[in-house]
1. The range 42-67 to the range 1-35: how many Å between their Cα centroids?
2. Could you go through the range 8-13 in sequence order and give the Karplus-derived ³J(HN,Hα) for each residue, using 6.51 cos²θ - 1.76 cosθ + 1.60 with θ = phi - 60°, rounded to whole Hz, and x for Gly and Pro?
3. How do 60, 55, 23 line up, fewest other C-beta atoms within 10 Å first?
4. Is the C-alpha gyration tensor of the chain telling us rounded, prolate or oblate? Criteria: a/c under 1.5 is rounded; beyond that, a/b larger than b/c is prolate, otherwise oblate.
5. Please determine, in degrees from 0 to 90 and to the nearest 10, the orientation of helix 58-70 with respect to the longest principal axis defined by the Cα atoms of the chain, where the helix direction is its Cα long axis.
6. For the chain, which GluC sites (Glu not before Pro) are both in a DSSP coil and crowded by at most 13 other Cβ atoms within 10 Å?
7. On full extension of the chain, what length is gained from residue 14 through residue 35, given 0.36 nm per residue of separation minus the C-alpha to C-alpha distance?
Amino acid sequence: INLQIVEFHNARGLFGMEDAKECRKELNPGEWWDMFGDGTPELKRFAIRILSLTCSSSGCERNWSSFEMVI
């Protein structure tokens, strides 16, 4: 995966295409990786998994609610 990160970072292969650069502004990140990440399959899978995670503070809120009852 390290070599694939270098390929992405240096905009080689599909990443260097003008379409790929333009679509970064228009597509959500998961869609972008789905379209242009075929040359780096492991990095593509990793990026889509990370970018598909939802952000939530519910775990923190639950901890604070429990902590308030202790004090």
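1. The distance from the Cα centre of the range 42-67 to that of the range 1-35 comes to 24 Å.
2. 5, 4, 8, 6, 9, x
3. Details: 60 9, 55 4, 23 14.
Exposure proxy ranking, most exposed first: 55, 60, 23.
4. prolate
5. Compared with the principal axis, the helix lies near 20 degrees.
6. On the way: sites: 7, 18, 22, 26, 31, 42, 61, 68; in loops: 26.
Counting only loop positions with at most 13 other Cβ atoms within 10 Å, the GluC sites (Glu not before Pro) in the chain are 26.
7. That works out to 6.6 nm of additional length.
Bear in mind these aren't lab numbers, they're just calculated from the coordinates by the rules spelled out. Predicted model, so just to flag it, every value in this text is computed and none were measured. Don't worry about glycine lacking a Cβ; one is built from the backbone with ideal geometry, like all the others, and counts go over all protein chains shown.
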